[in-house]
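Engineer: One structure follows; several queries about it will come next.
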Amino acid sequence: MAAELPENPASWKRWLTPSAPLFTFSVHTMAQPPAASDGETLAAMGDTDPAQAMLAWNRHTLQLVQKYQQNPPRAVRALTIVHAAMHDALALAARDTENAAAGIVAAHRAASLTLAYLYPYESTAWIEGKGLALSRASAQAQRFTPLQLERALATGERVANDAIHRALTDGADRQPVARRPTAVDAGHWRAAPPLNIHTPQELLAGEWQPWVHGDEVELHPPPPHEYGSVQFWREVEEVYQVARSLTVEQKTLADDWNLEQGSVTPAGVWNQRATEIIRAEKLDAAAAVRVLAALNAAMHDAVIACWRAKYQWWRVRPVSIIRERFDANFLPHLITPPHPAYVSGHAAMSAAAATVLAAFFPRHESTLHTLAAQAALSRLYGGIHFRSDNEEGLRLGQKIGKRALEQTLTSSAHQRAAGKNP
């Protein structure tokens, strides 16, 4: 891999900020070492390999994203919090015990507690129970003493506490007031047919807490083409002409990337792609967790920057302009999402994902960037984005992907030398 992953998780910089203990979790005290039945339980789950057991939490999260029909920003938020918890559990356990195996135990505990918090309508006993079964089976395989097991589980709980604290304070629970553009004209967003939803989706997502901090000005895309300009009308006509002459291949591409609520969303597709590569490259559990944490943090921050731009410019969607200027009965191939056009969330998230994954898996770089370009182009074919929405979204996502890589490849030792909390 071009982006080197240090073998010792103790050197990793944490994603989560340590917080004071706020929560008490279920009792898990054991009077004796884990029994063989725990190993049998693990085998029955099909997660006998440590890396596959780690990846199972990714699969469970995606299943819950679909079950609760979460929109793309909410989906990537959940994925990032879960994977940040697993990453930090591995790092913290390695620092506390100098035993990499303890990190696997801690990561299962942290993932289960975090996931149970994020999806309170699920059976928390089932989620936590699976985490404990996996933790205990891993401990058994390493011949942990009961004291070692308890210490690793406690580390997972410390990290889960930090993850839940993050979820409570990242701004995602804020409720928006009725806010609209100060000057409403033909170039501004409005409810788009056929759904005609007047409430804009995730109005405050641009104000959520990012995972990587830096110069926000750098992450502000340039203003969209001014309404009425030659460039603006050129883009409107392009969407209209493309929609009138869609090929079967173009429709298929648009449909394949049409990942809104009820699907795994774009973030889920990139997680699935990442896990395929992780399996093909035979990464160990720690490396797999680290890649997925960086991937999801990048996509999460791409959503924030993207949604900030959407509600800064409130750019109209193509269908509104085309129906008013060219064809009163026009409907695009895809249903237009209920938020402004500029920039494209699919493009921004996909470029961030491709940038991160290509750094870790350079053999797949060409394919990954092609997928990101296809994700962006699919929105033009779907008739729901202008070309510049997609192009600027790709540029934005690439910048954020590079930032996430810098964060994940900065060791805790470097952070301590710089006087920062690792």
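Engineer: Would you check which residues across region 292-335 are over 25 Å from Arg395 (Cα atoms) and either hydroxyl-bearing (Ser, Thr, Tyr) or part of a helix (DSSP H, G or I) (or both) and list them?
Structural biologist: If the condition is that a residue be over 25 Å from Arg395 (Cα atoms) and either hydroxyl-bearing (Ser, Thr, Tyr) or part of a helix (DSSP H, G or I) (or both), then Ser320, Ile321, Ile322, Arg323, Glu324, Arg325 are the ones that fit.
Engineer: Name every residue in region 196-229 that is outside any loop (DSSP other than H, G, I, E, B) and either of a type outside the set (A, V, I, L, M) or over 20 Å from Ser344 (Cβ atoms) (or both), in order of residue number.
Structural biologist: Gly206, Glu207, Glu216, Val217, Glu218
Engineer: Only helices (runs of 4 or more DSSP H) wholly contained in region 336-418 count here; list those with 3 or more residues that are surrounded by fewer than 24 Cβ atoms within 10 Å (Cβ to Cβ).
Structural biologist: Output list reads 365-381, 387-408, 412-417.
Engineer: Determine if region 64-87 includes at least one residue that is without any contact (Cβ under 8 Å) to a residue 24 or more places away in the chain, within 30 Å of Pro200 (Cα to Cα) and not hydrophobic (A, V, I, L, M, F, W, C).
Structural biologist: Within region 64-87 (the criterion being without any contact (Cβ under 8 Å) to a residue 24 or more places away in the chain, within 30 Å of Pro200 (Cα to Cα) and not hydrophobic (A, V, I, L, M, F, W, C)), the answer is yes, since at least one residue qualifies.
Engineer: If you take the residues of region 131-177 that are basic (Lys, Arg) and over 23 Å from the mean Cα position of the chain (by Cα), which of them is farthest from Leu204 (Cα to Cα)?
Structural biologist: Checked region 131-177; the qualifying residue farthest from Leu204 (Cα to Cα) is Arg143.
Engineer: List every residue pair whose Cβ atoms sit under 9 Å apart, with the two residues 6 or more apart in sequence or on different chains, where the first one lies in region 317-329 and is under 19 Å from Asp389 (Cβ atoms) and the second, anywhere, is surrounded by 21 or more Cβ atoms within 10 Å (Cβ to Cβ) and of a type in the set (S, T, N, Q).
Structural biologist: Short answer, once both residue conditions are applied: Arg317/Thr336; Pro318/Thr336; Val319/Thr336; Ser320/Thr336.
Readers should treat all values here as calculations from the given coordinates under stated rules, not as data from a laboratory. Just so you know, these numbers come straight off a predicted model, no measurement behind them. Please note: Cβ atoms are built from the backbone with ideal geometry, for glycine as well, and neighbour counts cover all protein chains shown.
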